[in-house]
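**Q** First the structure, which I've put down as structure tokens, then a few questions once you've had a look.
The values are calculated or read from the model by the stated rules, or taken from the named source; none is laboratory data. Quick caveat: nothing in here was measured; it's all calculated off a predicted structure. A quick note on method: Cβ atoms are made from the backbone with ideal geometry, for glycine too, and the neighbour counts reach across all protein chains shown.
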């Protein structure tokens with residue numbers, strides 16, 4: 001099913017210039033080069049898309065994506081005044097539980113912000129997770145993966161639920177997510193944890209500890225114990241049943257995630273903390289050695305190392321000491337969830353999963369929350385902010401991303417709260433109403449382009 005935002009977007013005669021209209025690789029270009037992608041003026045449907053070569057001082061050009069940008073479709077006017085807008089294909093994966101509710105709200109925010117910025121979104125919705133299991137018997141249908149691969153970016157709601165908990169592993173909704181990440185070849189997971197001034201009192205920590213926290217967790221997504229082999233079940237010499245998994249990392253896997261993390265840290269406050277367990281695990285020993293070697297390519301970034309158990313403690317003891325954290329798959333999974341509670345609610349946190357080629361995957365870090373599904377009680381802000389990350393890191397549309405982020409802040413400043421972040425004196429609203437208020441804030445903005 002194809003859903004168009006044309007009712008909100010400007011209408012122009014369409015002339016296809018380049019139908020390879022993806023921007024997946026703008027994500028890593030933006031991260032590794034610091035340059036925003038821009039197209040030159042569209043004059044009588046002439047189209048040029050200059051790409052600055054990334055600076056070669058950080059070995060970032062090793063990522064093929066930097067020279068293989070997939071361009072947005074262009075909608076042009078044939079008049080001499082030469083007005084143009086861009087068009088992107090977005091695959092929506094509502095998933096399970098509250099997923100359809102929050103994705104619907106985020107889609108509306110994308111459509112409105114896009115129309116104001118001259119961007120037309122073409123949405124394709126596809127089943128995944130438990131919804132796909134019920135529909136076709138597998139958690140990630142081939143058609144869904146094909147749609148995702150052929151799009152410019154993918155926005156996911158949430159997957160999972162009690163209904164499928166007893167399924168065999170290959171028939172669990174979560175297996176579909178692992179397959180999707182593998183199919184899209186994403187490897188860098190970005191999870192910001194920011195304590196907004198409007199929500200500092202919602203934090204589980206004291207105000208003086210939580211205030212001003214702004215952390216980016218960069219998690220390696222496709223290696224480590226979640227994917228290592230051998231794995232399985234067996235019997236030991238005593239006849240006891242055993243389960244076993246393998247933690248494996250290669251130098252190439254560590255090097256590429258380290259470079260992404262260093263470059264993000266360079267563009268933030270110049271501090272990177274690498275989290276491992278190098279006092280016990282050989283995989284972590286290699287991790288620490290390779291991250292230390294890569295540090296020489298980024299002389300302006302201060303590198304520190306921390307064992308994961310200490311990092312877990314420090315996140316709640318003194319979170320402001322962290323700026324950018326880079327860590328492996330399983331440690332990042334745990335630490336980013338811990339960091340989420342510093343912000344006040346897991347319902348506030350977005351994420352981006354990026355690769356060298358192809359579209360990025362953008363999703364809130366919260367689960368499907370089946371207990372509140374269909375009750376209009378979900379917090380849609382994490383998904384809306386994931387859409388903003390999609391605009392920035394996936395499509396290179398900084399103005400549209402900032403428009404959405406500013407709208408979220410403005411809505412919170414007006415006192416609107418869903419139940420998970422509610423406090424006395426605020427206005428309690430549901431998922432739909434929160435989305436409507438964000439739309440009002442988007443419309444009321446007077447964003448000044450940088």
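**Q** Determine the pairs where a residue that is assigned by TED's automatic domain parsing to the domain that holds residue 263 and loosely packed, with under 11 Cβ neighbours inside 10 Å, located within segment 294-305, has a partner that is part of a loop (DSSP other than H, G, I, E, B) and at pLDDT 95 or above with Cβ atoms under 7 Å apart, the partner being 6 or more residues away or on another chain.
**A** Listed pairs, sorted by first residue: 300/270.
**Q** Hey, another quick one. Can you confirm whether segment 168-177 contains a residue that is assigned by TED's automatic domain parsing to the domain that holds residue 370, free of Cβ contacts under 8 Å to residues at least 12 places away in the same chain, assigned to a loop (DSSP other than H, G, I, E, B) and farther than 15 Å from residue 96 by Cα?
**A** Looking through segment 168-177, at least one residue is assigned by TED's automatic domain parsing to the domain that holds residue 370, free of Cβ contacts under 8 Å to residues at least 12 places away in the same chain, assigned to a loop (DSSP other than H, G, I, E, B) and farther than 15 Å from residue 96 by Cα.
For every residue, the table says whether it meets (1) surrounded by fewer than 22 Cβ atoms within 10 Å (Cβ to Cβ); (2) at pLDDT 95 or above; (3) in contact with a strand residue (DSSP E or B) (Cβ under 8 Å, 6 or more places away or on another chain).
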position: 84; (1), (2), (3): yes, no, yes
position: 103; (1), (2), (3): no, yes, yes
position: 128; (1), (2), (3): no, yes, yes
position: 132; (1), (2), (3): no, yes, no
position: 138; (1), (2), (3): yes, yes, no
position: 142; (1), (2), (3): yes, yes, no
position: 158; (1), (2), (3): no, yes, yes
position: 164; (1), (2), (3): yes, yes, no
position: 178; (1), (2), (3): yes, no, no
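**Q** Further question on the same structure: Would you point out the residue of segment 249-297, among those that are in contact with a helix residue (DSSP H, G or I) (Cβ under 8 Å, 6 or more places away or on another chain) and in a loop (DSSP other than H, G, I, E, B), that is nearest to residue 216 (Cα to Cα)?
**A** Residue satisfying both the conditions and the ranking: 277.
**Q** Considering (1) surrounded by fewer than 17 Cβ atoms within 10 Å (Cβ to Cβ); (2) within 23 Å of residue 246 (Cα to Cα), say which one residue 326 fails and leave the rest.
**A** (1) is the only condition that residue 326 fails.
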